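**Student:** Structure in structure tokens, see below.
The values are calculated or read from the model by the stated rules, or taken from the named source; none is laboratory data. Just so you know, these numbers come straight off a predicted model, no measurement behind them. Note: ideal-geometry Cβ built from the backbone for every residue, glycine included; neighbour counts use all protein chains shown. For accessibility, only protein heavy atoms count, side chains too; no ligands or nucleic acids. Shrake-Rupley method; radii C 1.70, N 1.55, O 1.52, S 1.80 Å.
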Amino acid sequence: MKVLYLLFAVFLLLFQATSGSADPLFADTVECRSQGKFCRVGVCPPTFAATGTCHGGIMNCCSK
């Protein structure tokens with residue numbers, strides 16, 4: 001029975017999703033992030049300006 005706990009822990013480690021491992025699917029998202037900017041749904045925060053789009057035009061690309 002104790003082996004099941006160990007096996008469960010091993011499965012959790014093996015099948016754990018790593019954050020940030022997915023490649024961006026949209027070219028505009030890659031371009032925005034490569035320039036040090038970030039993507040945001042809706043308006044950009046104060047002191048930031050929308051300089052383009054991300055995720056195929058759904059999100060704004062915000063820069064300082």
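**Student:** Ignoring ligands, DNA and RNA, what percent of the accessible area of segment 24-63 is carbon or sulfur (1.4 Å)?
**Tutor:** 63
**Student:** I would also like to ask the following. Considering Cα pairs under 8 angstrom that are at least six residues apart, work out the relative contact order of segment 24-63 and quote it in whole percent.
**Tutor:** Averaging sequence separation for qualifying contacts and normalising by length gives 44 percent for segment 24-63.
**Student:** Listed highest first by mean packing, meaning other Cβ atoms within 10 Å per residue, what order do 34-44, 49-59 come in?
**Tutor:** 49-59, 34-44
**Student:** Now, a different point. Scan [x] 14, 47, 29, 9, 1; [y] 18, 49, 27, 6, 0; [z] 21, 33, 16, 14, 13, 4 for the value of P(r) over Cα pairs in 10 Å bins from 0, in percent calculated from this model and give just the label.
**Tutor:** It is the value labelled [z].
**Student:** Net charge around GLY52, counting only other residues with Cβ within less than 9 Å of its Cβ (Lys, Arg = +1; Asp, Glu = -1)?
**Tutor:** Residues near GLY52 contribute -1 overall.
**Student:** Let me check I've understood the local charge: for LYS37, count other residues with C-beta under 15 angstrom from its C-beta, Lys and Arg +1, Asp and Glu -1. What total comes out?
**Tutor:** For residues surrounding LYS37, the net value is +1.
**Student:** Whole number in Å², please: accessible area per residue of the chain, 1.4 Å probe, ligands, DNA and RNA not counted.
**Tutor:** Value returned for the chain: 82 Å² of accessible area per residue.
**Student:** Pull up all non-local amide H partners of THR53: gap of 5 or more, or a different chain, and H-to-H distance under 5 Å with H placed in the peptide plane.
**Tutor:** CYS61
**Student:** Placing +1 on the Cβ of each Lys and Arg and -1 on the Cβ of each Asp and Glu in the chain, which of ALA50, LEU7, SER34 has its Cα farthest towards the positive end of the resulting dipole?
**Tutor:** Checking the options against the dipole of the chain, the answer is LEU7.
**Student:** May I pose another question? Of PHE8, PHE48, which has the most accessible area and how do the rest follow, probe 1.4 Å?
**Tutor:** Reading off the accessible areas and sorting them downward yields PHE8, PHE48.
**Student:** With +1 assigned to the C-beta of every Lys and Arg and -1 to the C-beta of every Asp and Glu, and no other charges, what is the dipole magnitude of the chain about the Cα centre in debye, to the nearest 20?
**Tutor:** 220
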